[in-house]
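The values are calculated or read from the model by the stated rules, or taken from the named source; none is laboratory data. Predicted model, so just to flag it, every value in this text is computed and none were measured. Counting neighbours? That spans all protein chains shown, and the Cβs are built from the backbone with ideal geometry, glycine included.
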Amino acid sequence: MNHPAPPAVARRPFPAELLDTLRTTFGDRVSNSEAVRAHHGRDESMFDPQLPDAVVFARSTEDVQAAVRLCAQYGVPIIPYGNGSSLEGHLLAVQGGVSIDLSEMNRVLSINAEDLTVTVEPGISRKQLNEALRDTGLFFPIDPGADASIGGMSATRASGTNAVRYGTMRENVLGLTAVLADGRVIKTGSRARKSSAGYDLTRLFVGSEGTLGVITGITLRLYPQPEAVSAAVCTFHSMADAVRTVIETIQIGVPVARVEFIDSLAVRALNRHSNLTLREAPTLFFEFHGTAAGVEEQAQLVQEIAAQNGGDGFEWATRPEDRTRLWNARHNALFAMLQLRPGSRALSTDVCVPISRLAECVVETEADLKTSPLTCPIVGHVGDGNFHVCMLVDPTKPEEIEEAERLNHRIVKRALAMDGTCTGEHGVGLHKMGFLVEEHGVDTVDTMRAIKRALDPHNLMNPGKIFSWAV
Ligand SMILES: Cc1cc2nc3c(=O)[nH]c(=O)nc-3n(C[C@H](O)[C@H](O)[C@H](O)COP(=O)(O)OP(=O)(O)OC[C@H]3O[C@@H](n4cnc5c(N)ncnc54)[C@H](O)[C@@H]3O)c2cc1C
């Protein structure tokens with residue numbers, strides 16, 4: 001047993017006739033084998049898998065449209081599937097249904113280098129996209145730790161280490177194509193940098209977690225590769241000193257490209273997992289982008305701030321391969337932290353607070369975690385006020401899962417009391433559903449529900465996620 005999902009509404013019937021019709025339409029691109037269904041009914045959360053009844057591998061918007069129309073005809077749920085790296089139970093087929101796997105829709109449709117935009121299919125991963133952009137001098141900066149798909153990243157409004165400088169998927173999706181629950185195809189936005197033309201449906205779909213439609217095309221903003229890049233590591237005597245350095249850096253407007261916090265425990269995990277030799281202390285990883293002079297000026301300012309907060313000097317990663325090693329280690333932090341307790345699973349949480357409250361929030365959280373018997377390293381995209389606590393539990397011990405949920409509850413409550421959010425980037429899925437009303441209020445969640453009901457009146461699209469269908 002890992003973690004039971006919240007009480008599921010009964011699975012809906014899956015008619016044999018639908019499977020036959022899907023087979024006639026998609027041939028061997030539909031599967032109901034146990035292994036394929038098991039792969040698609042789980043994510044990287046603690047929840048036990050809940051399997052879809054079948055999986056369709058789509059290759060075009062028309063394929064998605066055909067699959068959605070058939071499911072709609074039989075009243076069967078549809079769960080879009082990107083790369084399966086989500087962390088909050090997003091992909092579990094709590095009411096059964098058909099998983100639409102978009103990984104074969106992974107083409108770059110057009111690169112408009114002069115406009116700094118690219119249009120892609122949803123299944124392309126962030127690394128595949130940057131590989132395709134390599135010779136253009138441009139890059140796409142959003143980098144969740146996993147090599148997630150651009151469709152999944154749009155659907156979860158993802159971000160990563162670069163968001164402090166380049167924003168999240170919210171700022172970087174300019175427009176998209178989506179198949180609605182009844183099979184209609186809509187296009188939102190354009191390649192223009194801005195628009196006042198009607199409701200912003202792009203932003204409505206970004207973060208909708210598969211509950212409003214299947215995204216089949218995405219136009220993204222791109223950025224020129226910076227002329228100069230430098231990265232550095234700095235250690236501190238306390239977590240509070242490290243976080244104060246970040247707050248002051250942001251408040252005086254230094255345009256850092258990345259600033260990541262790693263606590264002593266997480267540093268130990270990274271050292272072991274990625275063969276690094278960092279000092280086991282609260283640590284900040286920095287990266288600066290710009291012209292050579294600009295980068296030097298930013299680095300100088302941040303070093304002064306760090307020194308005033310007791311930072312132990314800067315260790316520079318000047319060669320590109322050293323930087324890559326550092327950031328790969330950071331991106332693999334979750335897997336490294338799991339190795340602190342072999343056999344454990346991670347219940348992670350990712351609150352975000354206004355930057356002015358960050359030190360208070362992190363320090364109170366650290367004190368709270370020290371009273372718990374669980375091992376709980378902290379890492380964070382702190383430049384955004386976002387940090388993750390990774391609670392390592394023995395999945396065979398319900399009392400440990402209960403303790404992790406108790407801690408999660410307290411961490412979220414603390415963030416909400418500081419005018420923050422229950423999730424900065426991982427999304428709501430199943431796990432954070434219970435916090436939505438407290439964060440937004442009844443009327444706001446009701447407004448979300450009204451939108452869902454208007455676009456998906458039979459509750460077919462990834463049902464049972466974000467908020468309950470019934471009030
Ligand atoms: C090691 C690790 C590190 C991570 N680090 C970060 C991080 O730094 N920042 C961050 O934001 N997240 C992070 N995550 C979480 C995860 O990578 C993101 O949530 C990511 O955006 C999920 O993308 P995916 O392609 O894996 O989507 P999936 O997990 O396949 O799907 C996620 C959700 O999006 C929906 N969906 C997928 N594709 C579509 C589509 N085309 N149309 C409509 N809905 C769709 C699904 O139905 C589901 O609800 C991390 C995860 C891991 C395992």
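Quick one: which of D147, D135 is out of contact with any Phe, Trp or Tyr (no Cβ under 7 Å at 6 or more places or on another chain) and more than 23 Å from N332 (Cα to Cα)?
One residue alone meets the criteria, D135.
Report, by residue number, each residue of region 84-106 that is near the ligand (Cβ under 6 Å from one of its atoms), among the polar types (S, T, N, Q) and surrounded by 24 or more Cβ atoms within 10 Å (Cβ to Cβ).
S86
Kindly establish whether D147 is modelled with pLDDT of 95 or more, in contact with a strand residue (DSSP E or B) (Cβ under 8 Å, 6 or more places away or on another chain), among the charged types (D, E, K, R) and more than 19 Å from S60 (Cβ to Cβ).
Here the answer is yes, as D147 does meet what is asked.
Restricting to helices (runs of 4 or more DSSP H) lying wholly in region 247-366: which have 3 or more residues that are loosely packed, with under 15 Cβ neighbours inside 10 Å and either without any contact (Cβ under 8 Å) to a residue 40 or more places away in the chain or within 16 Å of the ligand (Cβ to nearest atom) (or both)?
292-308, 320-331
Before we move on, is F47 among the hydrophobic types (A, V, I, L, M, F, W, C), crowded, with 17+ Cβ neighbours inside 10 Å and out of contact with any Leu (no Cβ under 8 Å at 6 or more places or on another chain)?
It is false that F47 is among the hydrophobic types (A, V, I, L, M, F, W, C), crowded, with 17+ Cβ neighbours inside 10 Å and out of contact with any Leu (no Cβ under 8 Å at 6 or more places or on another chain).
Confirm whether R357 is more than 20 Å from the chain's Cα centre (by Cα) and farther than 23 Å from V256 by Cα.
So R357 fails the test.
So which of A299, A292, A307 is of a type in the set (A, V, I, L, M, F, W, C) and either under 22 Å from D384 (Cβ atoms) or touching a Phe, Trp or Tyr at 6+ places or on another chain (Cβ under 7 Å) (or both)?
A299
Check whether at least one residue in region 66-79 is within 11 Å of the ligand (Cβ to nearest atom), part of a loop (DSSP other than H, G, I, E, B), out of contact with any Gly (no Cβ under 6 Å at 6 or more places or on another chain) and in contact (Cβ under 8 Å) with a residue 40 or more places away in the chain, and report yes or no.
no
Could you tell me which residue of region 402-436 is surrounded by the fewest Cβ atoms within 10 Å (Cβ to Cβ), considering only residues that are over 19 Å from S45 (Cα atoms) and touching a Pro at 6+ places or on another chain (Cβ under 9 Å)?
This residue is D419.
Output the number of residues of region 172-187 satisfying the condition of being without any contact (Cβ under 8 Å) to a residue 60 or more places away in the chain and within 13 Å of the ligand (Cβ to nearest atom).
The qualifying residues number 5.
Can you pull out the residues in region 382-406 that are closer than 20 Å to A240 by Cα and out of contact with any Ser or Thr (no Cβ under 6 Å at 6 or more places or on another chain)?
Across region 382-406, the qualifying residues are V382, G383, D384, G385, N386, F387.
Restricting to region 172-193, name every residue that is among the hydrophobic types (A, V, I, L, M, F, W, C) and either outside any loop (DSSP other than H, G, I, E, B) or within 22 Å of the chain's Cα centre (by Cα) (or both).
Result: V173, L174, L176, A178, V179, L180, V185, I186.
Check region 394-410 and report whether any residue there is more than 27 Å from T202 (Cβ to Cβ), among the β-branched types (V, I, T) and not in a helix (DSSP H, G or I).
Yes; the residues of region 394-410 include at least one that is more than 27 Å from T202 (Cβ to Cβ), among the β-branched types (V, I, T) and not in a helix (DSSP H, G or I).
Within region 372-401, how many residues turn out to be crowded, with 24+ Cβ neighbours inside 10 Å, within 23 Å of L358 (Cβ to Cβ) and of a type in the set (V, I, T)?
3
For region 424-471, give me the residue count where each residue is among the hydrophobic types (A, V, I, L, M, F, W, C) and within 12 Å of the ligand (Cβ to nearest atom).
4
Write out, first by first residue and then by second, each pair whose Cβ atoms fall under 6 Å of each other, whose residues are 6+ apart or on separate chains, and whose first residue, in region 194-208, is in a loop (DSSP other than H, G, I, E, B) while the second is at pLDDT 95 or above and surrounded by 10 or more Cβ atoms within 10 Å (Cβ to Cβ).
Final answer for the pair search is V206/S154; V206/R157; V206/M169; V206/R170; V206/V173; G207/R157.
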